[in-house]
Amino acid sequence: MEFVGDEKERFKKEFARRIHEFILKLIKFIDSLDKRDSTCRIIGQNQLLRSGTSIGGNYFEAQSASSKNDFANFFRISLKSANETKFWLILLRDANKCERSGANNLLNELTEIANILAKSIKTMNQK
């Protein structure tokens with residue numbers, strides 16, 4: 001799927017908004033975890049928060065990259081962070097440490113974000 005001109009810019013803005021919204025939902029999800037439970041504190045507040053916000057941090061950092069290679073590297077890091085975030089969400093869900101439907105909703109959106117990042121990286125590698 002190739003984009004041209006304004007369509008490409010709209011997609012980029014929409015994708016940036018989508019990542020931002022995902023991270024806000026993730027923060028609310030983390031805030032809902034039982035703070036007295038050591039697993040929730042360590043995985044949720046430490047691992048999940050770091051990896052989840054790294055998706056956005058690296059995606060937005062790519063926008064001011066100094067080269068095409070630098071740009072692609074930020075996308076790769078963002079994708080790695082998305083994959084790590086999936087791992088922590090699945091772990092919390094399967095350990096019954098969170099609301100299952102909330103975790104699944106986040107996982108669905110995260111999978112779509114990761115797929116877009118992966119497709120973008122593949123396209124960059126072909127150029």
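The values are calculated or read from the model by the stated rules, or taken from the named source; none is laboratory data. Remember, it's a predicted structure, so these values are computed and weren't measured experimentally. When we count neighbours, we look across all protein chains shown, and the Cβ atoms used for this are built from the backbone with ideal geometry, even at glycine.
Answer yes or no as to whether residue 72 is part of a loop (DSSP other than H, G, I, E, B) and out of contact with any Lys or Arg (no Cβ under 6 Å at 6 or more places or on another chain). The answer is no for residue 72. In a residue-by-residue description of region 4-11, the property of being closer than 28 Å to residue 125 by Cβ and touching a residue at least 40 places away in the same chain (Cβ under 8 Å) applies to no position.
Residue-level check: of (1) modelled with pLDDT under 95; (2) assigned to a helix (DSSP H, G or I), residue 35 misses just (2).
Any chance region 100-118 includes a residue that's in contact with a Cys (Cβ under 6 Å, 6 or more places away or on another chain) and within 27 Å of residue 38 (Cα to Cα)?
Step one: list which residues in region 100-118 are in contact with a Cys (Cβ under 6 Å, 6 or more places away or on another chain), which gives none.
Scanning region 100-118 turns up no residue that is in contact with a Cys (Cβ under 6 Å, 6 or more places away or on another chain) and within 27 Å of residue 38 (Cα to Cα).
Of the residues making up region 31-55, those that are in contact with a helix residue (DSSP H, G or I) (Cβ under 7 Å, 6 or more places away or on another chain), surrounded by fewer than 20 Cβ atoms within 10 Å (Cβ to Cβ) and free of Cβ contacts under 8 Å to residues at least 40 places away in the same chain are 35, 45, 49, 53, 54. One residue stands out among those in region 75-104 that are hydrophobic (A, V, I, L, M, F, W, C) and assigned to a loop (DSSP other than H, G, I, E, B): the one that is surrounded by the most Cβ atoms within 10 Å (Cβ to Cβ), which is 98.
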